[in-house]
Amino acid sequence: MQTRFTEEQLATPDIARADDILRKCVHCGFCTATCPTYLVTGDERDSPRGRIWLIRELLEGKAEDPEVAGHHLDRCLTCLSCMSTCPSGVDYMHLADIGRRHAAQTRKRPYFDRLIRKVLVEVLSRRMLAYIMLLLASFIRPFSGILPRRIAAMLKVAPASFPRLDRTGAKDNIFYTTKTPARARVAMLAGCAQRAIDPDINAATIRLLNRLGVDVVVRKGASCCGALAHHGGDETAAHDRMSETIRAWSNELRYRKLDAIVVNASGCGTTVKDYGDAFRHDSTLAEEAAKISSLALDITEFIDRIGLGPIDPTVGEGKTVTYHSACSMQHGQRIRSLPKELLGKAGFSVREPAESHICCGSAGIYNALQPEISQDLQKRKIANLDASGGDIVAAGNLGCINQMAGAKAPVVHTIELLDWATGGPKPRKLR
């Protein structure tokens, strides 16, 4: 793509980077075939190719209506399917970030939109507030028909039931293996909304790692990765939460060696692995952020590295698992076959649904901000899951698990199945 930035504009780091990314786009249109929003709306401006054009117009100051560009950027799921498809290697993820930052400077969202985004970011990134809000949502849900559309959409994506609140990460803690000596020492991201919605994920992760001879370090300061705020367009809140997490893990690294930083939510993992890029111009945190990104692994990557251990063959016998690969897993982190291979080693028969590359519509807080598109994608995904005929659906990201809860088969985290197959309890949703 041809660009016409001035020398003054190119002196700005964001513009210089955008110029480099934009020039790689050849307008081939391959991305339109795999873009979920384009599949739903059929609007070229809701495709990566269309959004790239809008971003260039915005950055060059030639956009006829910045509000239109901002609207279509808001509708992007940032699923990154286009990056898997693009033959030219266009870095759409960081280009979209630049475009959204610029759009935020040239438009003002309606007050109610700003309020909803602020509430979602502030509440969901704090486990106790998230737990209280979701409990309240379960009581209000029957009245959603008489509430404003956006409020009703938020109620619809709230989980239907709640277990106990996950205490993991409420204080600094180390979960020691009983094996001596320990094979490895890792830090684990405790998570924010995940602890309010599904405590079984962290519990299964810690059990399995301890069983495999790994000490697990959890730091109170390293709970929210900043992804929710980033998705909500609140760059200040995102930076603050990322900085807090970086500092918490940096303090740990100063005193003891960490073999890895494990993340059991692929959306968070994509963000943590990008810390080095996000803080590359930060004079105080650049080095620490790059170190943390280099250590970050999805939980399945780390399990594969150390080996799954002895398997109970009766657990997976005769059970078929439909594996849903979250966009942040297959497109963001480029982890595609590994989780399926681990499930196969655990004794399960594994299959994929049709259109496995298409987003389920969760995308952080997208399902609350863009309910129409999200619900279309949700129905499409659940129909494909049901058609697969699996006894269980497995996924590696909480948002997807919650979004697909309407499927006929129970939806659990991959790590819960691996924990069960190696001596852990049967997942609660399967009992």
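Observations, loosely collected:
- Selection of region 108-134 for residues being surrounded by 15 or more Cβ atoms within 10 Å (Cβ to Cβ) and farther than 30 Å from Asp65 by Cα yields Glu122, Val123, Leu124, Ser125, Arg126, Arg127, Leu129, Ala130, Tyr131, Met133, Leu134.
- Taken over region 110-145, residues that are under 17 Å from Gly364 (Cβ atoms), in a loop (DSSP other than H, G, I, E, B) and not hydroxyl-bearing (Ser, Thr, Tyr) amount to 1.
- Yes/no for Ser325 being hydroxyl-bearing (Ser, Thr, Tyr), assigned by TED's automatic domain parsing to the domain that holds Ile392 and not in a helix (DSSP H, G or I): yes
- Among the residues examined, Gly267 qualifies as touching a Ser or Thr at 6+ places or on another chain (Cβ under 9 Å), at pLDDT 95 or above and assigned to a helix (DSSP H, G or I).
- Residue check for Arg149: surrounded by fewer than 19 Cβ atoms within 10 Å (Cβ to Cβ) and outside the structural domain of His413 (by TED's automatic domain parsing): yes
- Residue check, Arg280 surrounded by fewer than 22 Cβ atoms within 10 Å (Cβ to Cβ), farther than 30 Å from Ser388 by Cα, touching a residue at least 24 places away in the same chain (Cβ under 8 Å) and of a type in the set (Lys, Arg): no
- Positions within region 201-237 being crowded, with 23+ Cβ neighbours inside 10 Å and of a type in the set (S, T, N, Q), in sequence order: Asn202, Thr205, Ser223
- Among the residues of region 48-84, the one identified as assigned to a helix (DSSP H, G or I), surrounded by 18 or more Cβ atoms within 10 Å (Cβ to Cβ) and among the polar types (S, T, N, Q) is Ser81.
- Residue match in region 90-103 (condition: within 22 Å of Arg49 (Cα to Cα), in a helix (DSSP H, G or I) and among the basic types (Lys, Arg)): yes
- Flag for Asp198 being at pLDDT below 95, among the acidic types (Asp, Glu) and surrounded by 22 or more Cβ atoms within 10 Å (Cβ to Cβ): yes
- Selection from region 246-281 of residues that are farther than 27 Å from Glu416 by Cα, within 23 Å of the chain's Cα centre (by Cα) and aromatic (Phe, Trp, Tyr): Tyr275, Phe279
- Of residues in region 219-255 being of a type in the set (D, E, K, R) and closer than 12 Å to Ala278 by Cβ, the one modelled with the highest pLDDT: Arg241
- Filter result (without any contact (Cβ under 8 Å) to a residue 60 or more places away in the chain and either among the hydrophobic types (A, V, I, L, M, F, W, C) or over 21 Å from Ala137 (Cβ atoms) (or both)) within region 380-406: Arg380, Lys381, Ile382, Ala383, Asn384, Asp386, Ala387
- Of the residues making up region 71-118, those that are of a type outside the set (D, E, K, R) and free of Cβ contacts under 8 Å to residues at least 12 places away in the same chain are His71, Gln105, Pro110, Tyr111, Leu115.
- Counting residues in region 37-47 that are within 25 Å of the chain's Cα centre (by Cα) and not in a helix (DSSP H, G or I) gives one or more.
- Unmet criterion (only one of (1) within 30 Å of Leu155 (Cα to Cα); (2) without any contact (Cβ under 8 Å) to a residue 24 or more places away in the chain; (3) among the small types (Gly, Ala, Ser)) for Gly344: (1)
- In region 173-192, the count of residues that are crowded, with 21+ Cβ neighbours inside 10 Å and farther than 30 Å from Gly309 by Cα is zero.
The values are calculated or read from the model by the stated rules, or taken from the named source; none is laboratory data. If you're wondering where the values come from, they're calculated on a predicted model, not measured in any experiment. Glycine also receives a Cβ, built like all others from the backbone with ideal geometry; neighbour counts cover every protein chain displayed.
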